[in-house]
Amino acid sequence: MNTTVGTKGIIWGSIGAELQMVVYDLRYMVICSIALILTDLWWGYSESKLRKREAEEIGNATLVEKFKWHKSRAGRRTANKIVDYLTYLVVGALVGLAITEPMDICNHIWSAAIGLGIGCACEIASIIGHIAYVKLGVEISLIDGWRAFVRFFGKLIKVKSQEIGDAVEDLGRDGRHHHHEHGPEFYDNEQNMED
């Protein structure tokens, strides 16, 4: 039994050491993601405060309560985001070690960066939405901000890998290839344009 525990400890220790190296190699990206989380917290607070004031002006008690700032909820959500982003990094690294490196697609550092980059893209899209509302009074949906940023991120990745960049850019497309509201001629025309 002690041998099994010792073997598992060695395995987890070696995986932990590799993951520590990934975190070290991507340390500035990790710092950037934490800065983005804090920026989103600040602009989310600013938007919530503005929306609460607007709700008070029109006398809507339901909206006043909805946009009331709750420190504990904000703290929990911020802590959850940090854990989520570290999870993206770890899963990205493991996908790299298990799949992309053996298939000679990209190394595990790149796949971890892509995983963390997805989280950063979501955060940037959220920040854009908050700033647009606070500064311009314009509502931008999170999905529109996400699509724009993912396409931009895909173009950056293409500098290193055309195939991975194309795949990431596909995430940012508007999804019309997946909706069934168009007739068969639509898909035929789409297929002809891609050929």
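A few remarks follow.
A quick yes/no check of all residues on (1) closer than 17 Å to Ile105 by Cβ; (2) modelled with pLDDT under 70; (3) of a type in the set (Gly, Ala, Ser); (4) open to solvent by less than 90 Å² (accessible area, probe 1.4 Å):
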{"residue": "Phe149", "(1), (2), (3), (4)": "no, no, no, yes"}
{"residue": "Ile157", "(1), (2), (3), (4)": "yes, no, no, yes"}
{"residue": "Ala167", "(1), (2), (3), (4)": "yes, no, yes, yes"}
{"residue": "Asp174", "(1), (2), (3), (4)": "no, yes, no, yes"}
{"residue": "His178", "(1), (2), (3), (4)": "no, yes, no, no"}
{"residue": "Glu181", "(1), (2), (3), (4)": "no, yes, no, no"}
{"residue": "Phe186", "(1), (2), (3), (4)": "no, yes, no, yes"}
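- Scanning the range 74-85 for residues that are surrounded by fewer than 17 Cβ atoms within 10 Å (Cβ to Cβ) and among the hydroxyl-bearing types (Ser, Thr, Tyr) returns a single hit, Thr78.
- Checking each residue of the range 53-73 against the condition of being closer than 15 Å to Asp40 by Cβ and open to solvent by 70 Å² or more (accessible area, probe 1.4 Å) gives at least one match.
- Close pairs (7 angstrom Cβ cut-off, 6 or more residues apart or separate chains): more than 12 Å from Ile118 (Cα to Cα) and of a type in the set (S, T, N, Q) in the range 141-157, open to solvent by less than 40 Å² (accessible area, probe 1.4 Å) and not in a helix (DSSP H, G or I) anywhere: none
The rows are residues; the columns are (1) over 16 Å from Gln20 (Cα atoms); (2) crowded, with 19+ Cβ neighbours inside 10 Å; (3) at pLDDT 90 or above.
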position	(1), (2), (3)
Thr87	no, no, no
Val91	no, no, no
Leu94	no, no, no
Ile109	no, no, no
Ala125	yes, yes, no
Ile131	yes, no, no
Val138	yes, no, no
Ser141	yes, no, no
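- Members of the range 18-46 that are touching a residue at least 12 places away in the same chain (Cβ under 8 Å), over 16 Å from Cys122 (Cα atoms) and either surrounded by fewer than 17 Cβ atoms within 10 Å (Cβ to Cβ) or out of contact with any His (no Cβ under 8 Å at 6 or more places or on another chain) (or both): Glu18, Leu19, Val23, Asp25, Leu26, Tyr45, Ser46
The values are calculated or read from the model by the stated rules, or taken from the named source; none is laboratory data. Bear in mind the structure is a predicted one, so any value in this text is a computation, not a measurement. Because the Cβ atoms are built from the backbone with ideal geometry, glycine has one as well, and the counts that use them run over all protein chains shown. SASA here: full protein model, heavy atoms, side chains in, ligands and nucleic acids out. Shrake-Rupley method; radii C 1.70, N 1.55, O 1.52, S 1.80 Å.
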